[in-house]
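> Please read through the structure below; I'll follow up with questions.
The values are calculated or read from the model by the stated rules, or taken from the named source; none is laboratory data. The shown structure was predicted, so the numbers you read here are calculated from the model rather than taken from an experiment. Every residue, glycine as well, gets a Cβ built from its backbone with ideal geometry; the counts of neighbours run over all protein chains shown. For accessibility, only protein heavy atoms count, side chains too; no ligands or nucleic acids. Shrake-Rupley method; radii C 1.70, N 1.55, O 1.52, S 1.80 Å.
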Amino acid sequence: MAGGGGGGGSGASPLGHAPPMWYHRDLSRAAAEELLARAGRDGSFLVRDSESVNGAYALCVLFQKHVHTYRILPDDEGFLAVQTSQGVQPKRFKTLPELVSLYLQPSQGLVTTLLYPVEREETAVSDDRDYSDGEDEKPPLPPRSSSTSTPPGPDTPTDSTPAANGLSTISHEYLKGSYALDLEAVKQGASSLPHLNKTLVASCKRLNGEVDKVLSGLEILSKVFDQQSAFMVSKMIQQVQSVNQGGDQELENLVTKLAILKDLLSSIEKKALKALQDMSLTSPCSPPPLHSMRHSKSIPVQAFEVKLDVYLAELTKIGKSQKYTLSVDVEGGRLVVMKKVKDNQEDWITYTHDKIRQLIKSQRVQNKLGIVFEKEKDKSQRKDFIFASAKKREAFCQLLQLMKNKHSNQDEPDMISIFIGTWNMGSVPAPKNVASWVLCRGLGKTLDEMTVTIPHDLYVFGSQENSVCDREWVESLRALLKEQTELDYKPIAVQTLWNIKLAVLVKPEHENRISHVGMSSVKTGIANTLGNKGAVGVSFMFNGTSFGFVNCHLTSGNEKIARRNQNYLDILRLLSLGDKQLSSFDISLRFTHLFWLGDLNYRLDMDIQEILNYINRKEFDPLLKVDQLNLEREKNKVFLRFAEEEISFPPTYRYERGSRDTYVWQKQKATGMRTNVPSWCDRILWKSYPETHIVCNSYGCTDDVVTSDHSPVFATFEVGVTSQFVSKKGLPKSSEQAYIEFESIEAIVKTASRTKFFIEFYSTCLEEFKKSYENDSQSSDNVNFLRVGWSNKQLTTLKPLLSEIEYLQDQHLLLTVKSLDGYESYGECVLALKSMIGSTAQQFHTYLSHRGEETGNIRGSMRVRVPSERMGTRERLYEWISVDKDETSGPKGKSAVVCRSGHEPSVIRKPLGELGKVSEEGERNSKEETAARPKQDGSDSDPSISKNSYNNPAYYILEGVPNQSAAAVSPELLPSPTSANPQAAKPPPPSAGARSKPPGAASGPPHPRRQVRAISEESSSEDDGGACVVGAQGGGVGSTLNRPPPDFPPPPLPKGALEMVPEAPFTKPRSLYPDLAEVRIPAAGSAAHGDAFRRGGVGAGALDDQSCSVLQMAKTLSDSEFPGQPPRAPSAPPPLRGQPMGLGLDACRTFPPRNPITESIAEDMPEEALWGSSSSSLSVGESSVGEWLQRLGLERYEQGLLHNGWDDLEFLSDITEEDLEEAGVHDPAHKRILLESLRQQQQQK
């Protein structure tokens, strides 16, 4: 275990002479409960460090299958006492063993006498031996160069290893021998210690030489910058250096040198600064400021050869497909659309950046893009183009986004690009040319040549086994970037632990946008004291968005999976980064975006020859299925809810140095032959808050940097950022105050405790954190779980600092569920406020985690009430690109109108008037996507995938404790494994392909009830794809809101899960994974549930023996009814691993709806598609304007209608075309849809 426990301090230890075996140091609360559950006897106990108070302890006792926790607190005098009720005099003890010995006696006030100590498990010594797999037989020594990071402070763990200068050995020799001679001399009246003096002189001999070198250098600097006192300084230095070396005088001379050195070091910088300032004032001309040169490298005009995508009817008129050239002038802000006509003549139209309304990516055809151009009188036109490849389409979109950003009238950016690289350098300096690394050239998912030279806003370089000194390394990186971008990037942070380095550089124009820079490191080497393995971290704010970066080097060795997992958990817990107020949360929840990179050292569990055969054939899917990191993530052991882009490059370790053609997999060691199979050791993962924008545009490795046995790995990201919001209306008055109100909250926590709980709320939009009262309901039908609930009266109404919707929609709320007995967290989560904004309460449902482990789930009902005066918002740059969910079953070009809604069309959502978010779906066509999905569909035939998820209570059953719930499930509730559709095991694409209705699902009108909404930390595919289809077609065209990858599985199935809700008369395309409110248990023989999103965070795997307990828990642990839809099967390939999900339009949504496909949708639709279904009119179940608009797919107009007073459905029947114009409905087709719907409503009455 890592050091630094609560009570294991220095000095007189409260643990006595040696820690007793029942003391478990920094054991987690969950692990303590598991150990006690294994013990299984009443009176079993252990003591661990408190998670809530430093220096305190927690006494955990098992009684009647429940764990009772007592806090042991130290007082001002250092005495220990068990925390007692008010008025009860505590009993004080000097040491922990004395305290425990009292409670070993009966009737001392505990729930039971302490009877059976649960002893800690000693770690095998051999497990700590972590020697490098590289060239060295021993761990590398720490570098001699000083770090360029900030001086070690309380947040920067420092090395505690003894100095390696020989003083330790000499001191031991003195104490063993010469010490006695000095003692005799003192007894005889001597006033000095000659032998000690001799010892000190000998041990400081090297120091003398080093000080002389430093003083010589400082003397030169003083002559340059401080000529007045330079003569005196030189004279002093010469005097101390000319003294005869020997005896007492030498020691005194050294002390004098150090005093001079201290004075010079403390003053030289100020003198140099003053000298340079004087020079700058007298200089005839000064260089221009950096920010004026930041765009010195202009982006040339780029041309793309495309074909116009026309429909079959139009194609017969034209005769053949037309060729176009699209020329992007980023600097000039223009797009030229050129068409070739007869006799080599050309016809072209120029569109300025403000006339390009929207880009709409095709989900099904990866190289197809729709462009919506603005024409006169608020009209628009959409044209679809086919590019040469998906990569060309992505390059075109990136250039247009860059053009939009460059010519935006916004002062602050909405979106930045980030380069992240990781490289184990193998203790060899980098070659002169590593340009391919920063340009993302090589193997895997790479950028198009047209965009590789576009500078990124942030560059993050992580390196391991980097023997180059910090200053030299950073300067080499700056020179490299200067050569490639002609920009002088600024280093904002460099953190080093031995040879593990993390450097962050930023564009000069962004330097002032960076604040709150923090740095930290954690050692995980031998006994967690050596820094040859461990992690370094950097965190900062970019305007209003928090970022965290972790670079790690974990334990090596094929077999040391558990050790690597523990390394990760130690880093997660001990790395001190981010807001100190968020100490209750591990670093995975402290940042809007957290990136984790490094040599993770996870290997492939497969025979070496098989691995080499697959690599030679470039078949990576079978290898990714046996990748240890992927397997451990599936079990939720590490990187809970992190995302990783799909791997499409060969293993990056272990190459023969000097070549990339040969893997060296055997090495002769002193202990025998060591095998290091080729593996993807070097990885980049990330985790983002829900409803934020992040897209991975590249992920690969170089193929021309050959100095190390590892290849450098790169990734680039497009990340949405928020500005430091300044209210134009000032602080809100009481009448204009926004409120965050909770109706109820219910949590199911994995614990055998039966204490009371409260909730703490944290957010940057709150002045300080807030607490709820204790829960007012509590129940359990399983000894290992506890369900706790808070009603409205127990929950605090929160008042944000600012009330503007534009501010609030970017805010997040962090919750932690804490116990009253120990004030320790039992689980934390994060919620996005964006989904909760509205006049009515919305449902949320997400997972709880603590110390990197999933510990339960939480759901509730809340709303964010924003006054109408503060409702203004704007479109973000990353919402300018949307995704078109193409028709898959009907004729080309025939589309159904889609309505983006929550779980059902009747769910009220408050639109924010924004366009859909960007989707950067990958570089492959549909066939490639189907063929390369190791992360999602690698375990199609494995029914045991994703057992470990909080929707499966079997995961929570503590080891060694019988699982009572699994046996009680009726077998007829389980689907037949033999009847499963083989395709159902594959996850759907972000578009959430069509799902088939299970047998027995009744047809009928959609369920009018409001459905429970789900908010995940990173949404699952159905969360981002919700829509209802209005029309007879099987597919739909619509907008998408791009979300982070799936982040949590469906929750424990609710009590009402066995009820089947009638389906609409038309076939709904559905996502494979039902939304949280849609989970239904199909009858035996129905379609299988489908595989989990592997390593993407969702674990809704096929039902198996372990999953039996899901059904039982559904009936016992949840009393809320969640009506919804049955599971469905996909009809399209699964998404890229790690890509932002939420691209489907047919599953039920958890996020605010968007409808970015604006004017020209109706141009390609038959009349029957628009009006053929009565479901396009107002249904009986609709109770608000928002529900009605969502059913029509026109929820973007809700804000305008409400602002103009059309907030009641009864009055809407009187609305006219002029009224719609005033409310912002300018599109004639949309007016027609709205008025026709209202007319049908009147007829129904």
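Quick grid of which residues meet (1) open to solvent by 10 Å² or more (accessible area, probe 1.4 Å); (2) not small (Gly, Ala, Ser):
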| position | (1), (2) |
| --- | --- |
| GLU656 | yes, yes |
| MET673 | yes, yes |
| HIS693 | no, yes |
| SER698 | no, no |
| VAL705 | no, yes |
| PHE714 | no, yes |
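> Could you go through the range 771-793 and let me know if any residue there is open to solvent by 30 Å² or more (accessible area, probe 1.4 Å), under 30 Å from GLU1187 (Cβ atoms), in a strand (DSSP E or B) and not acidic (Asp, Glu).
So far as the range 771-793 goes, yes, one or more of its residues are open to solvent by 30 Å² or more (accessible area, probe 1.4 Å), under 30 Å from GLU1187 (Cβ atoms), in a strand (DSSP E or B) and not acidic (Asp, Glu).
> Could you list, in sequence order, all residues of the range 445-463 that are open to solvent by 10 Å² or more (accessible area, probe 1.4 Å) and hydrophobic (A, V, I, L, M, F, W, C)?
Those that are open to solvent by 10 Å² or more (accessible area, probe 1.4 Å) and hydrophobic (A, V, I, L, M, F, W, C): LEU447, MET450, ILE454.
> Looking at (1) touching a strand residue (DSSP E or B) at 6+ places or on another chain (Cβ under 9 Å); (2) at pLDDT below 95; (3) within 25 Å of LEU808 (Cα to Cα), which is the one condition that is false for THR592?
So the condition that THR592 fails would be (2).
Residue-by-condition table, conditions (1) modelled with pLDDT under 95; (2) open to solvent by 20 Å² or more (accessible area, probe 1.4 Å):
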position	(1), (2)
GLU465	no, yes
TRP473	no, no
SER476	no, yes
PRO491	no, yes
GLN495	no, no
TRP498	yes, yes
ALA503	no, no
VAL506	no, no
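> Okay, moving on. For LYS235, are the conditions met, namely being among the basic types (Lys, Arg), closer than 30 Å to GLU269 by Cβ, open to solvent by 70 Å² or more (accessible area, probe 1.4 Å) and modelled with pLDDT under 75?
Answer is yes for this residue.
> Same structure again: Output yes when any residue across the range 588-610 is under 21 Å from the mean Cα position of the chain (by Cα) and in a helix (DSSP H, G or I), and no when none is.
Yes, the conditions are met somewhere in the range 588-610.
> Also: Mind checking which residues of the range 7-25 are open to solvent by less than 20 Å² (accessible area, probe 1.4 Å) and modelled with pLDDT of 85 or more?
TYR23, HIS24
> Moving on to the next point. Could you please give the count of residues in the range 631-648 that are farther than 21 Å from ILE694 by Cβ and either open to solvent by less than 10 Å² (accessible area, probe 1.4 Å) or not basic (Lys, Arg) (or both)?
So the count comes out to 4.
> What number of residues within the range 405-444 satisfy the criterion of being in contact with a strand residue (DSSP E or B) (Cβ under 8 Å, 6 or more places away or on another chain), open to solvent by 20 Å² or more (accessible area, probe 1.4 Å) and in a helix (DSSP H, G or I)?
The total comes to 1.
> Could you go through the range 753-763 and let me know if any residue there is of a type outside the set (Ser, Thr, Tyr), in contact (Cβ under 8 Å) with a residue 12 or more places away in the chain and open to solvent by 20 Å² or more (accessible area, probe 1.4 Å).
yes
> Of a type in the set (Lys, Arg) and either over 28 Å from the mean Cα position of the chain (by Cα) or modelled with pLDDT of 75 or more (or both): does that describe LYS894?
Here the answer is yes, as LYS894 does meet what is asked.
> Restricting the search to the range 554-587, which residues are under 26 Å from ILE514 (Cβ atoms), open to solvent by 10 Å² or more (accessible area, probe 1.4 Å) and in a helix (DSSP H, G or I)?
Matches in the range 554-587: LEU574, LYS580, GLN581, LEU582.
> Now a separate question. Only one of (1) crowded, with 19+ Cβ neighbours inside 10 Å; (2) not in a helix (DSSP H, G or I) fails for LYS377. Which number is that?
(1)
> When you go through ASP709, ASP682 one by one, which is the residue that is of a type in the set (D, E, K, R) and out of contact with any Gly (no Cβ under 6 Å at 6 or more places or on another chain)?
After ruling out the rest, the residue left standing is ASP682.
> Give me a count of the residues in the range 743-770 that are closer than 30 Å to GLN64 by Cα and part of a loop (DSSP other than H, G, I, E, B).
Qualifying residue count for the region: 6.
> What strands (runs of 3 or more DSSP E) completely inside the range 615-729 contain at least 1 residues that are in contact with a strand residue (DSSP E or B) (Cβ under 7 Å, 6 or more places away or on another chain) and within 30 Å of ILE881 (Cα to Cα)?
It comes to 682-688, 694-701, 713-720.
> Report the residue count in the range 1184-1213 for those that are under 15 Å from GLY838 (Cβ atoms), assigned to a loop (DSSP other than H, G, I, E, B) and open to solvent by 50 Å² or more (accessible area, probe 1.4 Å).
Summing the residues that are under 15 Å from GLY838 (Cβ atoms), assigned to a loop (DSSP other than H, G, I, E, B) and open to solvent by 50 Å² or more (accessible area, probe 1.4 Å) in the range 1184-1213 gives 1.
> Among GLU374, GLU346, which is in contact with a strand residue (DSSP E or B) (Cβ under 8 Å, 6 or more places away or on another chain) and free of Cβ contacts under 8 Å to residues at least 12 places away in the same chain?
Going through GLU374, GLU346 in turn, just one is in contact with a strand residue (DSSP E or B) (Cβ under 8 Å, 6 or more places away or on another chain) and free of Cβ contacts under 8 Å to residues at least 12 places away in the same chain: GLU346.
> Can you pull out every residue in the range 52-84 that is over 28 Å from ASP586 (Cβ atoms) and part of a loop (DSSP other than H, G, I, E, B)?
Listed by number, the residues that qualify are GLN64, LYS65, ASP75, ASP76, GLU77, GLY78, PHE79, THR84.
> Further question on the same structure: Quick check: is even one residue across the range 852-872 within 25 Å of GLU1187 (Cβ to Cβ), under 18 Å from the mean Cα position of the chain (by Cα) and touching a residue at least 40 places away in the same chain (Cβ under 8 Å)?
no
> Evaluate the range 810-819: report whether one residue or more is free of Cβ contacts under 8 Å to residues at least 60 places away in the same chain and open to solvent by 10 Å² or more (accessible area, probe 1.4 Å).
Among the residues of the range 810-819, at least one is free of Cβ contacts under 8 Å to residues at least 60 places away in the same chain and open to solvent by 10 Å² or more (accessible area, probe 1.4 Å), which makes the answer yes.
> Would you pick out the residues in the range 495-524 that are out of contact with any Phe, Trp or Tyr (no Cβ under 8 Å at 6 or more places or on another chain), in a strand (DSSP E or B) and of a type in the set (A, V, I, L, M, F, W, C)?
Within the range 495-524, LEU497, ILE500, MET519, VAL522 qualify.
> Out of the range 35-50, which residues are surrounded by fewer than 20 Cβ atoms within 10 Å (Cβ to Cβ) and of a type in the set (D, E, K, R)?
ARG38, ARG41, ASP42 - these are the residues of the range 35-50 that are surrounded by fewer than 20 Cβ atoms within 10 Å (Cβ to Cβ) and of a type in the set (D, E, K, R).
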